[in-house]
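What follows is a set of notes on a single structure, which appears directly below.
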Amino acid sequence: MPLPRIPRRREPLKDTAGVGQKRVLLASPRGYCAGVDRAVIAVEKALERFGAPVYVRKQIVHNIHVVTELEKQGAIFVEEVDEVPAGAHVVFSAHGVSPAVVNAASDRGLRAIDATCPLVTKVHREAVRFARDDYEILLIGHVGHEEVEGTAGEAPDHVTIVNSPDEADTIEVRDPSKVVWLSQTTLSVDETMETVRRLRARFPELQDPPSDDICYATQNRQVAIKKVAKDADLVIVVGSANSSNSVRLVEVALEHGAKAAYRVDYADEVEQAWLEGVETVGVTSGASVPEVLVQQVLDDLAAAGYRDVEEVRTAEEDLMFSLPKELRQDAAGKRDDRALGGRSRP
Ligand code: 0CG
Ligand code: SF4
């Protein structure tokens, strides 16, 4: 999709005199993960295939720029499926939906395209399986986040949400010998492990998930920013306020040595005052952030004298997901197995 230059809202950043060796440490991996790439392309493909408008339940990914650009192409974002005209196409966002939402869409005769990330679907399956075996599921995650609502909705009678490490100290369970913890995919790894430690102190028989629920992209971006943060006077995270994984990057940076860390949606939110006395700026972005937005931050930093950019790479990513099954056939009925994801697109 075309991602034009964002109009400026403030004066260009100035080169502050008196600061020594100015440089940028650019975290890698950063930006688009495989699930986001797939979800965004699914909306674009649906528009191409079925024509505008295509409805999308909730933000397809938690990034204001992505949503705005897709709106320009004819996507209409709604909160619930009852806002979608009967018979229309509706895309479910990358964060997943509960069975109740799937049923509501089908009852309205909507043609659903499921862009749920396969790594979220994996957690849904775990929830279904443990509920079937009559476990109580302690779902570590943020109350109100769409992904948590979707996963909890798979087994509402078996799921208790643990919203913070402190809640682990007070939560009550029916049978401490039959409890398992699962989690949202985009949490802080360290904070989640602290929550698990506190849960296990109270429920020693607590079972672990069969595999990591916090996804590879969330983990990799946190490892990279930790390495950058220890040498950074300032860390800038590009990402939206409702993007869990982006907000976690600010927290992780501060916990790992960054003297200051801020989140911005757009380059023009970077304030001149943040650069006062700053030699090293760390830069990263959340899993829902197009690379063009990072490049604009780098351009502005260069104008302020931070021209020396060093990439700090802690992992290679090459995971790709195929399109949602509803989009895998092209208009002529031929199978379209285009593999997607894992790379930040311009
Ligand atoms: O990090 P969360 O789960 O809030 O989502 P975002 O859309 O920012 O990125 C990953 C996905 C989907
Ligand atoms: Fe999937 Fe992880 Fe990306 Fe979420 S952040 S869409 S779980 S790969």
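A short reminder: the numbers here are calculations on the coordinates, not readings from a lab. These figures come from a predicted structure and were not determined experimentally. Cβ: placed from backbone, ideal geometry, glycine included. Neighbour counts: every protein chain shown.
Listed values, structure above:
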quantity: Whole-Hz couplings from phi, Karplus 6.51/-1.76/1.60, listed for segment 30-37; x for Gly and Pro; calculated: 8, x, 3, 9, 5, x, 6, 3
quantity: 5 angstrom amide H check on residue 112, placed H, neighbours 5+ away; calculated: 90
quantity: Whole-number Å³ per residue for the convex hull built on Cα positions in segment 27-95; calculated: 85
quantity: Sparse-neighbour loop sites [GluC sites (Glu not before Pro); segment 78-151; at most 14 other C-beta within 10 Å; DSSP]; calculated: 79, 80
quantity: DSSP-defined antiparallel bridges as percent of all bridges, the chain, nearest 5; calculated: 5
quantity: Cα centre as origin, Lys/Arg/Asp/Glu Cβ charges: segment 237-277 dipole, Debye; calculated: 180
quantity: Cα centre as origin, Lys/Arg/Asp/Glu Cβ charges: the chain dipole, Debye; calculated: 900
quantity: The chain, Rg to Rh (Cα coordinates; Rh as Kirkwood inverse mean 1/r); calculated: 1.00
quantity: Where only C-alpha atoms are counted, convex hull volume of segment 19-138 per residue in Å³; calculated: 165
quantity: Amide H contacts under 5 Å for residue 282, placed H, 5+ residues apart; calculated: 25, 233, 234, 235, 236
